[in-house]
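Asker: Take a look at this one; I'll ask things after.
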Amino acid sequence: MNLFILLFIVTLFVGLFLVFLGIYYYKRTKTSENWPFTEGIIVDSDLTKSRDNDGQISYRPEIVFEYKLGNKNYKSNKIDAFINYTSSTSSRALKLINRYPIGTKINVYYDPKMPSFGILEPGLKKGSILLLSIGFILLMFSIVFLSNSSVF
């Protein structure tokens with residue numbers, strides 16, 4: 001297979017994947033702005049440190065909270081409706097841990113269609129816009145490549 005065709009196909013599919021993923025997370029984070037909320041309590045707030053195969057260290061805040069809806073108890077560790085926070089430095093994770101110490105009463109925003117999905121911070125996140133942007137850039141690159149190519 002020609003290298004240019006392979007490059008076009010990979011760029012096209014990665015771009016499409018990122019656009020669809022970005023749309024999903026954009027909608028989810030945006031709609032979380034209107035989710036109902038209930039009172040909850042932080043039951044665990046800790047820093048998780050892990051190392052990947054290359055030896056890179058990453059830090060993640062592990063914030064667990066409980067809330068009750070009707071007669072049903074729920075437990076969640078989702079900070080927002082996007083992807084869990086992970087950072088190469090501990091400072092960002094520690095800021096979240098300090099904001100949510102154990103025993104703190106908090107508002108838990110939950111998806112009314114799936115009440116077990118509770119979050120602490122509703123609203124649109126930059127990461128969903130970034131996914132969309134990168135996906136569109138890759139799609140534009142593949143379209144420009146296709147229009148300027150005599151391969152096809």
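Every number here is computed from the coordinates shown, using simple stated rules; none is lab data. On a predicted model such as this, the values are computed, not experimentally measured, just so you know. Heads up, the Cβs are rebuilt from the backbone with ideal geometry, glycines too, and the neighbour counts pull from every protein chain shown.
Asker: What relative contact order, as a whole-number percentage, does the stretch 49-119 give when Cα pairs under 8 Å and 6 or more residues apart are counted?
Answerer: So the answer I get is 31 percent.
Asker: For helix 90-99, what angle does its Cα long axis make with the longest principal axis of the chain, in degrees from 0 to 90 and rounded to 10?
Answerer: 40
Asker: Decide, for the stretch 75-114, between rounded, prolate and oblate: order the square roots of the alpha carbon gyration tensor eigenvalues as a ≥ b ≥ c, take rounded if a/c falls under 1.5, and otherwise choose prolate if a/b is larger than b/c, else oblate.
Answerer: Note, shape of the stretch 75-114 comes out oblate.
Asker: Related question: Decide, for the stretch 1-130, between rounded, prolate and oblate: order the square roots of the alpha carbon gyration tensor eigenvalues as a ≥ b ≥ c, take rounded if a/c falls under 1.5, and otherwise choose prolate if a/b is larger than b/c, else oblate.
Answerer: Since a/c reaches 1.5 but b/c is at least a/b, the shape of the stretch 1-130 is classed as oblate.
Asker: Expressed as a rounded percentage, what relative contact order does the chain have, with Cα pairs under 8 Å and six or more residues apart?
Answerer: 35
Asker: Report the FRET efficiency, 1/(1 + (r/R0)^6), for Gln56 and Val14, where r is their Cβ-Cβ distance and R0 is 30 Å, rounded to 0.05.
Answerer: Plugging the Cβ-Cβ distance into 1/(1 + (r/R0)^6) gives 0.85.
Asker: Continuing with the same structure: Out of Leu120, Asn53, Phe136, whose Cα points farthest toward the positive end of the dipole of the stretch 43-152 (charges: +1 Lys, Arg; -1 Asp, Glu; placed on Cβ)?
Answerer: Leu120
Asker: Tilt of helix 126-147 relative to the longest C-alpha principal axis of the chain, in degrees (0 to 90, nearest 10)?
Answerer: That helix lies at roughly 10 degrees to the long axis.
Asker: Please state the charge dipole magnitude for the chain, taken about the Cα centre, from unit charges on C-beta atoms (+1 on K and R, -1 on D and E), reported in debye and rounded to the nearest 20.
Answerer: 240
Asker: To make sure I understand the rule: partners must be lysines, Cα under 22 Å from the Cα of Lys30, and not fewer than 8 residues away in the same chain. Which ones qualify?
Answerer: By straight Cα distance, Lys30 reaches Lys78, Lys113, Lys125, Lys126.
Asker: Helix 3-31 versus the longest principal axis of the chain: what is the Cα-based angle in degrees, 0 to 90, to the nearest 10?
Answerer: Once rounded, one gets 30 degrees.
Asker: Counting only residues 5 or more places away or on other chains, whose amide H sits under 5 Å from the amide H of Asp111 once H atoms are built in the peptide plane?
Answerer: For Asp111, the qualifying residues are Phe117.
Asker: As a footprinting exposure proxy, order Val64, Val19, Val144 by other Cβ within 10 Å, with the fewest listed first.
Answerer: Val144, Val64, Val19
Asker: Find the centroid of the Cα atoms in the stretch 48-67 and in the stretch 100-152, then give the distance between the two in whole Å.
Answerer: 20
Asker: What number, rounded to the nearest 500 deg cm²/dmol, is the helix-based mean residue ellipticity at 222 nm of the chain, given -39500 (n - 2.57) per DSSP H run of at least four residues and division by all its residues?
Answerer: -14000 deg cm²/dmol
Asker: Continuing with the same structure: Taking the alpha-carbon distance from Lys75 and a cut-off under 16 Å, which lysines remain once sequence neighbours fewer than 8 residues away in the same chain are dropped?
Answerer: Within the straight-line cut-off, Lys75 pairs with Lys105.
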